[in-house]
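Working notes, beginning with the structure itself.
The values are calculated or read from the model by the stated rules, or taken from the named source; none is laboratory data. Values in this document were obtained by computation on a predicted structure and should not be read as measured data. FYI the Cβ positions are ideal-geometry reconstructions off the backbone, even for glycines, and counts take in every protein chain you see. Heavy atoms of the whole protein, side chains included, go into the accessibility calculation; ligands, DNA and RNA do not. Shrake-Rupley method; radii C 1.70, N 1.55, O 1.52, S 1.80 Å.
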Amino acid sequence: MKTFYKSLLAVTFAASLLSLFSCSKKKTLYLYNWTYYTPDEVIAKFEEEFNCKVKLDVYATCDEMYAKLKAGAKGYDLVIPSNDFVSIMLKQGMIQELDQSKFTNRDKINPVVTEKLTFDPEMKYCVPYAFSATGVMVNKNKVTGDYPRDYSIFEDARFAGHATMMDEMREVLGCALVHLGYDLNSLNDAELAEAEDLVKNKWSPNLVKFDAEGFGKSFANGDFWLCQGYPEIVYGEVDESLWEDTIEFFIPPEGGPATMDCMVILKDAPNPELANEFINFIHRPEMYAIFIDTFRYPCIVNTEALQYTTKPSMYPPEQANTCTLKEDLGDNVEKFYNIWQRVRFTD
């Protein structure tokens with residue numbers, strides 16, 4: 001009997017060692033992404049299928065992410081910057097080419113989206129993660145009668161003292177440019193001067209302030225009736241049962257600013273093979289549907305995921321078709337900065 005228990009103990013000990021050894025051999029994917037932008041369920045499913053661990057670090061802005069990497073932060077595999085920062089990082093040699101043999105879900109990416117990837121049209125270095133657009137939100141309970149459904153709504157005196165636009169120069173000046181019929185990324189001095197005049201003299205008088213983050217709460221409590229910005233900031237503050245009765249969201253027909261967040265693998269990534277697998281994994285339609293259902297974005301990047309979604313999006317995806325990506329303007333961004341100082345801090 002003692003011999004039996006000794007044998008059982010030996011087998012159990014060996015199994016424990018094997019389990020410990022297997023765990024220690026698990027590869028780790030080091031993912032660096034925006035805060036609240038990676039569904040836990042997708043991570044858990046990836047870890048199970050690929051017998052790995054995912055270590056997630058987060059950032060609040062692309063500036064924060066970029067500064068950390070430029071300061072020498074090492075060890076990250078996969079990062080998800082916005083399109084303008086992808087362009088910058090690509091020019092600076094911070095990104096490695098993708099393994100196209102792993103990217104079997106390439107055909108799931110919406111051609112309308114890939115057409116906007118002017119900096120990497122063949123997706124050699126980046127794959128779209130999410131396409132998001134800013135638009136206009138009106139509190140339907142606070143306004144009577146009809147109102148314009150383009151950017152001229154910010155000239156409507158009925159919203160005076162209850163309106164806000166984003167505290168972001170490319171957003172606000174971009175809206176003005178497209179409303180005037182110009183390119184959102186225009187660097188033409190005369191066109192920029194017209195945009196400055198429009199914002200300063202026609203829109204600003206009705207605004208409470210320029211606000212990048214707090215306008216959702218102010219909309220929900222009834223202080224703001226008109227907001228320009230990311231819809232998730234407003235929808236996230238209003239009870240879902242009240243969405244339809246309270247919020248009208250629209251992107252003006254002339255378009256507006258948009259952002260494309262893309263997955264890229266860093267040049268010195270310790271586990272590029274696992275990173276390539278993750279990029280392909282999340283674009284399985286059933287996996288991407290989890291992302292869409294979690295954050296309620298319109299299903300623009302991977303339209304095949306629509307058949308697996310179970311919740312309505314904040315707005316119909318086709319509304320964003322007229323939007324334009326904010327491009328990296330390099331040193332020319334100084335033109336926007338100088339105008340913004342006059343608009344933002346005007347008396």
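Let me make sure I get this right: for region 251-347, a, b and c are the square roots of the gyration tensor eigenvalues over alpha carbons, sorted descending. Under 1.5 in a/c it's rounded, otherwise prolate if a/b > b/c, else oblate. Which is it? The shape class here is oblate. Here the simple spin-label model places points 7 Å from the Cα toward Cβ, and for Thr28 and Glu122 these points are separated by 3.6 nm.
In terms of its C-alpha gyration tensor, region 11-165 has a prolate overall shape, because the principal axis ratio a/c (a ≥ b ≥ c, square roots of the eigenvalues) is not below 1.5 and a/b outweighs b/c. Between Lys27 and Lys53, the built amide H atoms are under 5 Å apart, and every one of these is 5 or more places off in sequence or on another chain. At 222 nm, what value in deg cm²/dmol follows for the chain if DSSP H runs of at least 4 each add -39500 (n - 2.57) and the sum is divided by all its residues, to the nearest 500? It comes out at -10500 deg cm²/dmol, rounded to the nearest 500. Determine the sum of side-chain charges near Lys140: Lys and Arg each +1, Asp and Glu each -1, restricted to other residues whose C-beta is under 10 angstrom from that of Lys140. After counting each charged neighbour, the total is -2. With loop membership from DSSP and a limit of 12 other Cβ atoms within 10 Å, the longest segment of the chain without chymotrypsin sites (Phe, Trp or Tyr not before Pro) is 37-344. Sequentially through region 141-153, phi angles give Karplus couplings (6.51, -1.76, 1.60; θ = phi - 60°) of 7, 9, 10, 9, x, 7, 8, x, 10, 9, 5, 5, 4 Hz, Gly and Pro residues having no value and appearing as x.
For Val127, the residues whose amide H sits under 5 Å from its own are Met263, ignoring neighbours fewer than 5 places away on the same chain, with H placed 1.01 Å from N.
Rolling a 1.4 Å probe over the heavy atoms of the protein chains gives region 234-284 an accessible area of 35 Å² per residue. Computed over region 52-103, the range of Cα coordinates on each principal axis works out to 32, 28, 19 Å, biggest value leading.
Computed on the Cα trace of region 169-282, the radius of gyration divided by the Kirkwood hydrodynamic radius gives Rg/Rh = 1.10. Electrostatic bookkeeping for Lys311 treats Lys and Arg as +1 and Asp and Glu as -1; over the other residues with beta carbon under 11 Å from its beta carbon, the sum is -1. The trypsin sites (Lys or Arg not before Pro) of region 69-121 that meet both conditions, a loop assignment by DSSP and at most 11 other Cβ atoms within 10 Å of the site Cβ, are Lys74. Looking at the square roots a ≥ b ≥ c of the eigenvalues of the Cα gyration tensor of region 118-237, which shape do they give, rounded for a/c under 1.5, prolate if a/b is larger than b/c, or oblate? Here region 118-237 falls in the oblate category. Calculate the tail of P(r) for region 65-155: the fraction of all Cα-Cα distances greater than 18 Å, expressed in %. That tail contains 60 percent of the Cα-Cα pairs. With mean projected area of the Cα convex hull in nm² in mind, check [x] 15.7; [y] 24.9; [z] 22.5 and report the label derived from this structure. Calculated mean projected area of the Cα convex hull in nm²: the matching label is [z]. Gain on full extension, evaluated as 0.36 nm per residue between Asn51 and Phe250 minus their Cα-Cα distance, stands at 67.3 nm.
With labels modelled as points extended 7 Å from the Cα through the Cβ direction, what inter-label distance (nm, one decimal) is found for Thr144 paired with Glu318? For Thr144 paired with Glu318, the spin-label model returns 3.4 nm. Phi-derived couplings, Karplus 6.51 cos²θ - 1.76 cosθ + 1.60 at θ = phi - 60°, listed residue by residue for region 45-52: 5, 5, 4, 5, 5, 9, 6, 9 Hz, with x used for Gly and Pro. The accessible surface of region 53-190, taken with every protein chain in place and a 1.4 Å probe, is 49 percent carbon and sulfur.
Per residue, the solvent-accessible area of region 157-203 (1.4 Å probe, heavy atoms of protein chains only, all protein chains present) comes to 37 Å². Within region 207-315, the GluC sites (Glu not before Pro) that combine a DSSP coil assignment with at most 13 other C-beta atoms in a 10 angstrom radius are Glu213. Enclosing the Cα atoms of region 171-232 in their convex hull gives a volume equal to 89 cubic angstrom per residue. Distance between the 7 Å Cα→Cβ label points at Asn188 and Thr61: 3.1 nm. Between Lys74 and Asn338, the FRET efficiency from the beta-carbon distance, with R0 = 25 Å, is close to 0.10.
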